[in-house]
Each structure stands twice: as C-alpha cells, then as structure tokens.
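Working notes, structure below.
The values are calculated or read from the model by the stated rules, or taken from the named source; none is laboratory data. All of these numbers come straight from a predicted model, not from anything done at the bench. All Cβ positions, even for glycine, are placed from backbone atoms using ideal geometry, and neighbour counts span all protein chains on display. What goes into the accessible areas is simple: the full protein's heavy atoms, side chains included, and nothing from ligands, DNA or RNA. Shrake-Rupley method; radii C 1.70, N 1.55, O 1.52, S 1.80 Å.
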Amino acid sequence: MALESVIRFYGILAILANVAVVGLVVASLLGRRDRVATAIGPWTTAGALVVAILATAGSLFFSEVAHFEPCRLCWFQRIAMYPLVPILAVALVSRDRGVWRYGLVLASVGAVISVWHVAIEWLPALGAGACDARMPCSVVWFREFGFISLPYLALSASLLIAGLLWIGAHDPDAQRPATLQGEPA
C-alpha cells in the first residue's frame, strides 16, 4: 500500500474521530449523555479497542514501514496508547465494566502529551529542551488536509477512546455489578 494512501486513510479516520468526539461533547452539553450512553454504551469498550488497535497499527506502520523515526514525545504517546490494546481486549472478553477508570487515565495522558506535541509542531520554540537534538519533536512528517500530523492522529485517537470510555461509564447497564459466571443475571 502506498504511503500516501495510508496517510489519507488515517487522515479521514482522524476527521471521523473528531466528528464523533464533537458529537459526544454536544450530546453531553445538551443533556443527552444518558440517551447516548444507553444507545452506544454496550459497544463503547469494543469501539475504544478498535480505535486503539488502529492507532497502534498506524504508529507501527509509520515507524517500521515508512521509517518515520519517533521523537521523545512520540514515544510517550505510544506508552499511553499501546497498553490500551490488551487492557481493552481483556476488559471486553471479561466484561469488565470498570475498564473506563484506568482506560480513561491512559487515554487522557496520551491526549495531553499529544496536545503539547501538536503545539510544538506549530510553534517549535515551545519544544526547546523537550526532545533530542538529533530527533526534534518539531519534525512534521506530513500534514494531511493541511493540519493532520502524526501527533494530531494520536490526539484524535486518544480523545475518541476517552470519550467512548466516559460515555460507557454512564451506561445504565454498566452501573449494575457484573454477575459471576453461572449466577443468574
């Protein structure tokens, strides 16, 4: 697959993720959070897992196939994203309704680091001392649609995962304790 096609694919995913996050925020501001939670709550962990898998796969593609060398902040974003794949997968299989507590922490940390990284890309002076001189955090490998870069992709994924887990935490069915296997529901 051509690099340009992968960049376009992830750029489109970032825009869709941003639209979804804005939708979740607007629904919450309009007092519709519980309705959204009831509608999508059962699928929020699975959705967050899909986003984490796509983000991890993209990260590995860009570094290992396209040979975009990760900077220090890229590594910190990866540290926040990569563990989400097994954490969310185990939570999905075991029906752990409390996954939002620790998944939200990792996604939020990743989002904060991504915001900082995006800011450094646009204003390189902000990154003085933040990264290695041989691989500065201000390197922009691409700007799809004029604004989407690697840290922006990480930000979009982190915010969508955080939003899905936050909405899932408000699902009325998630408020009930999970029953032990073999017990009647």
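Can you tell me which residue is nearest to SER158 (Cα to Cα) among those in the stretch 80-115 that are surrounded by fewer than 19 Cβ atoms within 10 Å (Cβ to Cβ) and aromatic (Phe, Trp, Tyr)?
By that ranking, first place goes to TYR82.
Just need a number here: residues in the stretch 1-30 that are crowded, with 19+ Cβ neighbours inside 10 Å and among the hydroxyl-bearing types (Ser, Thr, Tyr).
Result for the stretch 1-30: 1.
Within the bounds of the stretch 148-156, is there any residue that is crowded, with 18+ Cβ neighbours inside 10 Å, in contact with a Pro (Cβ under 9 Å, 6 or more places away or on another chain) and modelled with pLDDT under 95?
No; the residues of the stretch 148-156 include none that is crowded, with 18+ Cβ neighbours inside 10 Å, in contact with a Pro (Cβ under 9 Å, 6 or more places away or on another chain) and modelled with pLDDT under 95.
May I ask you to list the residues in the stretch 1-32 that are free of Cβ contacts under 8 Å to residues at least 60 places away in the same chain, of a type in the set (A, V, I, L, M) and within 25 Å of VAL140 (Cβ to Cβ)?
MET1, ALA2, ILE12, LEU16, VAL19, VAL22, listed by residue number.
Can you spot a residue in the stretch 56-70 that is small (Gly, Ala, Ser) and open to solvent by less than 20 Å² (accessible area, probe 1.4 Å)?
yes
Give me the pairs, please: first residue somewhere in the stretch 33-47 and acidic (Asp, Glu), second residue anywhere and surrounded by 16 or more Cβ atoms within 10 Å (Cβ to Cβ), beta-carbon distance under 8 Å, and either six or more positions apart or on two chains.
ASP34/HIS170
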